[in-house]
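Engineer: Before anything else, here's the structure in question.
Each reported figure results from applying straightforward, stated rules to the coordinates on display, with no laboratory input. Not measured: the values here are computed from a predicted model. As a convention, Cβ positions derive from the backbone with ideal geometry for all residues, glycine included, and neighbour counts pool all protein chains shown.
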Amino acid sequence: MNMYVNGQKLTSNLHYQDHLNAVIPVQVYYQNHHKDIGFIEIYSPHFVKINHTFYNRKTHVFLSRPGY
C-alpha cells in the first residue's frame, strides 16, 4: 500500500483499492463543492460507491482523508 497525504487526489485504480483495503476515508467533491465523505464500499473504472451512493469518477473529485 502507498502512503497518502491528507487531501491527495485519487487518480488510479490502485489508489481506490488501497483506500478500500485500508478503510481510509475519502472526501467527494463536485464542481469544487463538498458532496460527501466516507469509506469506499466498491469501485469500478467508472464509479465509486461511498455511503450507499454511486459517484462518477469522471465528474467528481475524490480526496484522501486519512485520520478523519
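Engineer: Between PHE47 and MET1, what's the calculated FRET efficiency when r is the beta-carbon distance and R0 is 25 Å? Round to 0.05.
Structural biologist: Working from the Cβ atoms, E equals 0.65.
Engineer: For ILE37, which sequence-distant residues (separation of 5 or more, or a different chain) have an amide H within less than 5 Å of its own amide H, given hydrogens modelled in the peptide plane?
Structural biologist: VAL28
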